[in-house]
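Working notes, structure below.
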Amino acid sequence: MSPRTDNRSDNSLRPISFERAFLKNAYGSCLVSFGDTQVLCSASIDEGVPNWRKLNGKGWLTAEYAMLPASTGRRTRREHNGPVGRSQEIQRLIGRSLRSVVNLDALGEITITIDCDVIQADGGTRTASICGAWIALHDALVTWRRAGRLKGDPLFGQVAAVSVGMVEGRLLLDLDYREDSRAEIDMNLVMNGAGEFIEVQGTGERATFDRARLDALLDLGTGGLAWLLDAQRAVIS
């Protein structure tokens, strides 16, 4: 296998950056970059909840995910009739991940919508989305609380995500598109700030894997997730 992008080691992340308050009109926003992958994440807050959620005083959090037309080498079509397939699966993952660290009972009847729009895709768009979305959510809740709309802090934890995989027999952290498209094993890991897994998505694309290899992939991902959680804390501090 040829050297990795930027000649990074197998257990290294791509260059990561978080740019907060990227959008003027959002309660919270973050432009997150994982190498050449860039995702614009924003958090909106609206009074009211879905009909099935009404009259119990509890809030709701949902997410939407989309790839902009020029985010890939070949134009990505807009999903005019709503998200389908991959986009729907990813936005459900983002929503599940963030709800795991929010006390919805403490929100009151408001709906938080997280929007993740992929500006440029080079692998790992779902994991980058989750990392940036958590910062946008954090900032939105701080803004809402400072406005006197919340008594306490309903956000009780962090969420970060990263990809791992096996390419030509090598275990790699944070795969770019070139690596991901050739991976024998592809896995996405979501973890909270306590080091507990929220979700593990793993597939043997071109090879099976035993328990030892699974453990090695989880260990590799955990190291990257610890760095990402530290980076998030540094950004919001």
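The values are calculated or read from the model by the stated rules, or taken from the named source; none is laboratory data. Please read these numbers as outputs of a predicted model, since none were measured by experiment. All Cβ positions, even for glycine, are placed from backbone atoms using ideal geometry, and neighbour counts span all protein chains on display.
Things worth noting here:
- The range 50-86 - residue that is farther than 22 Å from L150 by Cα, surrounded by fewer than 17 Cβ atoms within 10 Å (Cβ to Cβ) and among the small types (G, A, S) and, of those, modelled with the lowest pLDDT: G82
- R74 vs. criteria touching a residue at least 40 places away in the same chain (Cβ under 8 Å) and part of a loop (DSSP other than H, G, I, E, B): no
- Qualifying positions in the range 1-48 - at positive phi and crowded, with 16+ Cβ neighbours inside 10 Å: G35
- Tally of residues being of a type in the set (K, R) and over 16 Å from L173 (Cα atoms) across the range 200-219: 2
- Boolean, S44 is of a type in the set (S, T, Y), at pLDDT 90 or above, under 20 Å from the mean Cα position of the chain (by Cα) and under 30 Å from S181 (Cα atoms): no
Every residue, every condition in (1) assigned to a loop (DSSP other than H, G, I, E, B); (2) exposed (fewer than 13 other Cβ atoms within 10 Å of the Cβ); (3) aliphatic (A, V, I, L, M); (4) in contact (Cβ under 8 Å) with a residue 40 or more places away in the chain, yes or no:
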residue	(1), (2), (3), (4)
V190	no, no, yes, yes
G195	yes, yes, no, no
R206	yes, yes, no, no
R213	no, no, no, yes
L217	no, no, yes, yes
L220	no, no, yes, yes
L225	no, no, yes, yes
A234	no, yes, yes, no
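- Any hit, the range 105-126, residues being among the basic types (K, R) and over 16 Å from I45 (Cβ atoms): yes
- Pair list, Cβ under 7 Å, 6 or more apart: the range 140-153 residue touching a residue at least 60 places away in the same chain (Cβ under 8 Å), other residue assigned to a helix (DSSP H, G or I): none
- Subset of the range 204-226 (residues that are under 26 Å from Q158 (Cβ atoms) and of a type in the set (S, T, N, Q)): T222
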